[in-house]
1. Within region 332-339, is there a residue that is assigned to a loop (DSSP other than H, G, I, E, B) and touching an Asp or Glu at 6+ places or on another chain (Cβ under 9 Å)?
2. From the list VAL325, VAL314, which residue is of a type outside the set (Lys, Arg), out of contact with any Ser or Thr (no Cβ under 8 Å at 6 or more places or on another chain) and part of a loop (DSSP other than H, G, I, E, B)?
3. Has region 177-198 got at least one residue that is among the aliphatic types (A, V, I, L, M), over 22 Å from the mean Cα position of the chain (by Cα), farther than 19 Å from PHE156 by Cα and at pLDDT 95 or above?
4. So, of the residues in region 96-123 that are open to solvent by 40 Å² or more (accessible area, probe 1.4 Å) and in contact with a Lys or Arg (Cβ under 8 Å, 6 or more places away or on another chain), which turns out to be farthest from LEU61 (Cα to Cα)?
5. Within region 299-311, track down each residue that is open to solvent by less than 40 Å² (accessible area, probe 1.4 Å) and either in a loop (DSSP other than H, G, I, E, B) or within 17 Å of LYS58 (Cα to Cα) (or both).
6. Test of understanding: among ALA165, ALA253, which residue is assigned to a helix (DSSP H, G or I), of a type outside the set (Asp, Glu) and open to solvent by less than 10 Å² (accessible area, probe 1.4 Å)?
7. Where residues in region 28-45 are in a strand (DSSP E or B) and among the charged types (D, E, K, R), which of them is modelled with the lowest pLDDT?
8. What residue, of THR247, THR285, THR339, THR240, is without any contact (Cβ under 8 Å) to a residue 40 or more places away in the chain and not charged (D, E, K, R)?
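The values are calculated or read from the model by the stated rules, or taken from the named source; none is laboratory data. This is a predicted model, so every value here is computed, not measured. Counting neighbours? That spans all protein chains shown, and the Cβs are built from the backbone with ideal geometry, glycine included. Keep in mind that these areas ignore ligands, DNA and RNA; they rest on the heavy atoms of the full protein, side chains included. Shrake-Rupley method; radii C 1.70, N 1.55, O 1.52, S 1.80 Å.
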Amino acid sequence: MRLRMAARLVRGLLVAMSATGLAVSVQAQDKKIKIGVVFDLTGPLAGGGSELNYVGAKIVLDHFAKTGVEGYKIEAVYADAQSKPDIAINESVRLLEQEKVDMVLGFFSSAQCVPVAARVEQLKKFMWMTTCISSAVFNEKGYKYVFRPQASGDQFGMMTMDFIAQNAKAKFDKEPKDLRVAIIHEDGAYGVDVSRGNEAGAKKAGFNVVMKEGYSATAPDLSALVTKLKRAKPDVIFHTGYNPDITLLLRQAREQGLKFGALMGHGAGYGVYEKLKEGMGADATYIFNADPISIWLANQKTMDPKLAPVIKMVGEEFDKIRPGVAIRSAHVGIGASNTYVFMSDVLPRAIKEYGGVDPDALRKAALDTDIPEGGTMLGFGVKFYGEGTPMAGQNERSFPVVIQYIDDKSSVVWPKSQAQREAVLPLPKGTTYSNQ
């Protein structure tokens, strides 16, 4: 009798242990993070670089969806901002409140990032921006849950001015004070921010600013702007725009006979060579662009060795999606690298050290990020300005570079520490826009 009772007890314990183990197993399987991903897949911003950023981010998210992170499954839920700030806000709120995502990631346009960041912070949710660059997103906002590893717009504007200043005498045979520069920009948050960096850089260099003007990126005609540029006779034009406004401006500049010595672009549409080539043909050659370095141009000798196979993987996956592209756009690498930083550095720390994927765990993990230069696929490091600082949430270790397109290839030409070739300055005699 006692033996039978003991056997029943043991069987009961085994069943209970088995059921408990099953519950634990199911609970472990149910651990996941839902990431809402917002980019412009339609509208003018899609072709201006947003879709390419989406592709880069998705490649990385798909990779981690296969492997998981610290026992958590990765589920991405995608939304199209349609190149409209109000839709970007609505889709972000929908993802957070209806789809119950744990955070939002992505965002290409600064005009979207500024209002979306304010809304996400108000909801006390976590936001990770891969791309948009306006300083206005963070400046004096005091955000706790919004982070951006990407370089800020004023850095873009300062970088191109410094590049021209350092080459004024050698390339243009002019002192900086005698160099005539024009600053033109789309009038959204992105263009205004970069132009401020341009102005600060021009003042520092002592350039003669002969024109500064903004315009709507959706303007159907920019011929009046071109006429003003012709009258100003700039040696160098510093332009911040998306596309198709870049193509429209340069087409009308060609029709009206605008001449200059160099054209300096600043990310967005200037980072999509295929679109420049499609709209301008051979005239896309010799254009400059400031952007975070293409992950395929970054110096891997000074980079964390574990990143080389990731760069290779991103390139191979992109080639499957877009076979035959002449230049892998820097936008793909921006989306991929900045997503990878979150997935490989911030998320594991949130889970292991802060107990999960709630907004406060993700915030604390992001503030602990301390990646040295060479620790990302874009070459720069990551350390966020902390709470109580004017730019809280912005990466203080990020920086762009200046590249130049020549013969369907892009090469870094500035700063010197990253340069792969000598810049061609000014535009060669006989080319469409050359003032020689």
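1. Quick first cut of region 332-339, residues assigned to a loop (DSSP other than H, G, I, E, B) only: none.
Scanning region 332-339, I find no residue that is assigned to a loop (DSSP other than H, G, I, E, B) and touching an Asp or Glu at 6+ places or on another chain (Cβ under 9 Å), so the answer is no.
2. Working: VAL314 fails: part of a loop (DSSP other than H, G, I, E, B).
Sole residue among the options that is of a type outside the set (Lys, Arg), out of contact with any Ser or Thr (no Cβ under 8 Å at 6 or more places or on another chain) and part of a loop (DSSP other than H, G, I, E, B): VAL325.
3. Within region 177-198 (the criterion being among the aliphatic types (A, V, I, L, M), over 22 Å from the mean Cα position of the chain (by Cα), farther than 19 Å from PHE156 by Cα and at pLDDT 95 or above), the answer is yes, since at least one residue qualifies.
4. Top of the filtered list is ALA118.
5. If we filter region 299-311 for residues that are open to solvent by less than 40 Å² (accessible area, probe 1.4 Å), which is where we start, we get 303, 307-308, 310-311.
Within region 299-311, MET303, VAL310, ILE311 qualify.
6. Values: ALA165 fails: open to solvent by less than 10 Å² (accessible area, probe 1.4 Å).
Every option except ALA253 fails the conditions.
7. Start the filter on region 28-45 by keeping residues that are in a strand (DSSP E or B), which leaves 32-39.
So of that shortlist, the ones also among the charged types (D, E, K, R) come out as 32, 34.
Numbers: LYS32: 95, LYS34: 98.
Going through the qualifying residues, I end up with LYS32.
8. Values: THR285 fails: without any contact (Cβ under 8 Å) to a residue 40 or more places away in the chain; THR339 fails: without any contact (Cβ under 8 Å) to a residue 40 or more places away in the chain; THR240 fails: without any contact (Cβ under 8 Å) to a residue 40 or more places away in the chain.
THR247 is the lone residue from the list that is without any contact (Cβ under 8 Å) to a residue 40 or more places away in the chain and not charged (D, E, K, R).
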